[in-house]
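Structure first, commentary second.
The values are calculated or read from the model by the stated rules, or taken from the named source; none is laboratory data. Values in this document were obtained by computation on a predicted structure and should not be read as measured data. Because the Cβ atoms are built from the backbone with ideal geometry, glycine has one as well, and the counts that use them run over all protein chains shown.
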Amino acid sequence: MTALVSGTSPTTDPGVGPMLRAWRERRRVSQLELALRADSSARHISFVETGRSRPSEEMVLRLAEHLDVPVRERNALLLAAGYAPRYPETPLDDPALGALREGMERLIRGYEPYPALVVDATYRVLAANRGITILTAGVAEHLLAPPLNAIRLTLHPQGLAPRIRNLREWRGHLLEQMERQIALHRSQPLRELYDEVAAYPVPDTGPVGEPEEPVPYFALPMQIEHEGHVLSFISSISTFNTPMDVTVAELAIETLLPADPATVKYLHSLLP
């Protein structure tokens, strides 16, 4: 993801005030409401936003917390205010994150035979279990080459898309999800990925045939064909609470849970 503009040059740096104002307006919070949340005053918030007052490091972090600013962008706010970044960005393969990696890998293995994977903020796949390999059988090799991207893999015409029965609905769900993330994170790489996958052609109709027994679902499923069977999955996404590292803040664990008994039975027959 791309951080907000920061630095010391007056020609390129809008300053922490305008940056905070932009986040406040994006969250549709008034100066008075933010002041009440942050135990401050509307006058002080106004002075900070206009550059008449330099906020303390504690105030920057407090305002960022109440505006739900992503961890990466909090570092950008601190830099713009003249302070050092608070949150490190540790590579996932760093020994310091060894326990985290092991825990995530154990977790997704524990979901087998159901598909599960770990992705970063731009849907780059960092780990996946054997259940995912069931779904990716027959996918074009170039889509499986590193760095594998979960959204591209799903919506590409040579990926899973031709086998997804309800592609239009599932595609719409994924694009709406990406739009919400772009609004939250202001990520240029995520915007570029969105523009790419949104331009993929969508077939007029899905694969021929219907599931043997229509089932009422409690959430929108992804219905995908696999060797003559129609599998139905409900997606669940988990993230880490109160992360103190940029890398950890941008990790997500997605699990595809069976939405009907037939999918459960079929997956267990493949990966007993």
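Whether any residue in segment 104-123 is without any contact (Cβ under 8 Å) to a residue 24 or more places away in the chain, polar (S, T, N, Q) and crowded, with 19+ Cβ neighbours inside 10 Å is what I want to check. No, because not a single residue in segment 104-123 is without any contact (Cβ under 8 Å) to a residue 24 or more places away in the chain, polar (S, T, N, Q) and crowded, with 19+ Cβ neighbours inside 10 Å. Residues in segment 20-40 that are free of Cβ contacts under 8 Å to residues at least 24 places away in the same chain, farther than 25 Å from residue 179 by Cα and either of a type in the set (A, V, I, L, M) or assigned to a loop (DSSP other than H, G, I, E, B) (or both): 32, 35, 36, 39, 40. Residues of segment 91-119 that are within 21 Å of the chain's Cα centre (by Cα), part of a loop (DSSP other than H, G, I, E, B) and under 27 Å from residue 232 (Cβ atoms): 111, 114, 115. Taken together, 32, 63, 20 contain a single residue that is farther than 26 Å from residue 251 by Cα, hydrophobic (A, V, I, L, M, F, W, C), modelled with pLDDT of 95 or more and not assigned by TED's automatic domain parsing to the domain that holds residue 248, which is 32.
In segment 46-71, the residues that are without any contact (Cβ under 8 Å) to a residue 40 or more places away in the chain reach residues that are of a type in the set (Gly, Ala, Ser) and part of a helix (DSSP H, G or I) with C-beta atoms within less than 7 angstrom, at least six apart or across chains, in these pairs: 48/17; 49/17; 50/17; 51/17. Scanning segment 228-271 for residues that are in a loop (DSSP other than H, G, I, E, B) and either without any contact (Cβ under 8 Å) to a residue 12 or more places away in the chain or of a type in the set (Val, Ile, Thr) (or both) returns 228, 239, 240, 241, 242. Only one of the numbered conditions (1) modelled with pLDDT under 95; (2) within 30 Å of residue 119 (Cβ to Cβ); (3) assigned to a loop (DSSP other than H, G, I, E, B) is not met by residue 11, and that is (2).
Selection over segment 56-74 of residues that are surrounded by fewer than 23 Cβ atoms within 10 Å (Cβ to Cβ) and over 23 Å from the mean Cα position of the chain (by Cα) gives a count of 5. If you go through segment 126-138 and keep only what is farther than 26 Å from residue 179 by Cα and either at pLDDT 95 or above or assigned to a loop (DSSP other than H, G, I, E, B) (or both), you end up with 129, 130, 131, 137, 138. Being within 16 Å of residue 226 (Cβ to Cβ) and either outside the structural domain of residue 242 (by TED's automatic domain parsing) or modelled with pLDDT of 95 or more (or both) holds for only one residue in 87, 114, 123, and it is 114. Look at (1) out of contact with any helix residue (DSSP H, G or I) (no Cβ under 6 Å at 6 or more places or on another chain); (2) surrounded by fewer than 18 Cβ atoms within 10 Å (Cβ to Cβ); (3) at pLDDT 95 or above; (4) on the phi < 0 side of the Ramachandran plot and you find that residue 82 fails only one, number (4). Check whether at least one residue in segment 204-222 is modelled with pLDDT of 95 or more, more than 12 Å from the chain's Cα centre (by Cα) and not assigned by TED's automatic domain parsing to the domain that holds residue 70, and report yes or no. The answer is yes; a qualifying residue exists.
If you scan segment 143-170, which residues turn out to be under 20 Å from residue 189 (Cβ atoms) and either of a type in the set (Val, Ile, Thr) or touching a residue at least 12 places away in the same chain (Cβ under 8 Å) (or both)? Don't jump to the end; show me each part of the working.
The first filter runs over segment 143-170 and keeps only residues under 20 Å from residue 189 (Cβ atoms), leaving 143, 145-156, 159.
The answer is 143, 147, 148, 149, 150, 151, 152, 153, 154, 155, 156, 159.
Taking residue 101 as the residue in question, decide whether it is assigned by TED's automatic domain parsing to the domain that holds residue 257, at pLDDT 95 or above, more than 28 Å from residue 186 (Cα to Cα) and not aliphatic (A, V, I, L, M). Taking the combined requirement at face value, the residue does not satisfy it.
Picking from 126, 135, which residue would you name as being crowded, with 17+ Cβ neighbours inside 10 Å and within 18 Å of the chain's Cα centre (by Cα)?
126
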